[in-house]
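Right, one structure below, let's go through it.
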Amino acid sequence: IAFAGKTFMGLAKLLLGTTDYDEIVALADKGNRGNVDTQVFEVLKGDPKSPYGMYPPELPIFAFGKPADYDKALETYSKEDLAASLVALCANNVIASTMQAAGTLKMKKVYIGGNLFRGEVFRREVELLFQMWSGYMFFELHYMKTGHTGAIGAMTTEPGTELDCLMQPQ
C-alpha cells in the first residue's frame with residue numbers, strides 16, 4: 001500500500017501540526033468530513049446527471065475537495081475536520097487496495113494490521129466503506145493487534161487455524 005502509516009503521519013504533521021496518533025484520532029473523532037470533503041450533493045449541483053447521484057447526497061465523495069473548490073486558507077478549516085478527512089482518506093486507500101488484492105487472489109479472509117487501525121475512528125471508517133461496497137466485498141475482514149506491520153504475507157498459519165493476535169470485536 002503506497003499510502004500507509006508514515007504518509008499518514010507526514011500529512012498529519014503538515015495539516016494538524018502533530019504526529020501524536022492519539023491526538024490525531026481524538027481530533028478525527030470530533031470532526032466532520034463534510035466540512036472539508038466534497039459531498040455528493042455538491043457534485044450534483046454542477047452536474048445533476050452525474051453518476052454520483054446513485055450515492056447518498058451527504059456522502060463525502062472527494063477527500064479534501066473543498067479546499068480545491070474554495071479560496072479559503074488552511075487555518076479556516078478546523079483541525080478536527082481536517083483530521084476526519086485525513087483518516088477517511090487513509091482508510092479509503094487501504095480498503096481500495098485490499099479489495100483489489102482480495103479480489104485478484106480470491107481471498108476469503110483478510111487481516112488488517114498495523115498501528116493505524118488501533119484507533120476506533122479508523123475501524124469505524126473502514127466498516128462504513130465495507131458496508132457501502134458490500135456488493136463487491138467477498139471476504140471476511142478482521143483486525144490484528146500487531147503494532148507495526150510490514151510484509152503481512154510473511155505471516156502464515158495452517159489452514160483452519162486462527163491467529164492469536166486478532167482484535168476482539170467491540
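The values are calculated or read from the model by the stated rules, or taken from the named source; none is laboratory data. These numbers come from a predicted model, not from an experiment. Every residue, glycine among them, receives a Cβ derived from its backbone with ideal geometry; neighbour counts consider all protein chains shown. Accessible surface areas use protein heavy atoms only, side chains included; no ligands, DNA or RNA. Shrake-Rupley method; radii C 1.70, N 1.55, O 1.52, S 1.80 Å.
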Looking at region 79-92, can you tell me whether even one residue there is basic (K, R), touching a helix residue (DSSP H, G or I) at 6+ places or on another chain (Cβ under 6 Å) and buried (at least 17 other Cβ atoms within 10 Å of the Cβ)?
yes
Matching residues in region 100-116 (farther than 12 Å from A88 by Cα, assigned to a helix (DSSP H, G or I) and not polar (S, T, N, Q)) number 4
Pairs, please: C-beta under 9 Å, at least 6 apart or cross-chain, first residue in contact (Cβ under 8 Å) with a residue 24 or more places away in the chain and in region 104-123, second in a helix (DSSP H, G or I) and of a type in the set (K, R)?
I112/R123; F117/R123
Determine whether E80 is among the acidic types (D, E), under 18 Å from the mean Cα position of the chain (by Cα), within 19 Å of D29 (Cα to Cα) and part of a loop (DSSP other than H, G, I, E, B).
no
Here is a check on your reading of the model: is A68 more than 28 Å from F138 (Cα to Cα) and touching a Leu at 6+ places or on another chain (Cβ under 7 Å)?
no
List the residue pairs whose Cβ atoms are under 6 Å apart, where the first residue sits in region 4-33 and is of a type in the set (D, E), the second is surrounded by 16 or more Cβ atoms within 10 Å (Cβ to Cβ), and the two are 6 or more positions apart or on different chains.
D29/V121
Quick check on region 141-155. Is at least one of its residues open to solvent by 70 Å² or more (accessible area, probe 1.4 Å), in contact with a Cys (Cβ under 9 Å, 6 or more places away or on another chain) and of a type in the set (D, E, K, R)?
yes
For residues that are surrounded by fewer than 21 Cβ atoms within 10 Å (Cβ to Cβ) and farther than 22 Å from G65 by Cα, scanning just region 113-126, find the one that is nearest to the chain's Cα centre (by Cα).
R123
In region 1-47, which residue that is part of a loop (DSSP other than H, G, I, E, B) and open to solvent by 50 Å² or more (accessible area, probe 1.4 Å) is farthest from T76 (Cα to Cα)?
I1
In region 48-77, which residue that is part of a helix (DSSP H, G or I) and among the acidic types (D, E) is least open to solvent (accessible area, probe 1.4 Å)?
D69
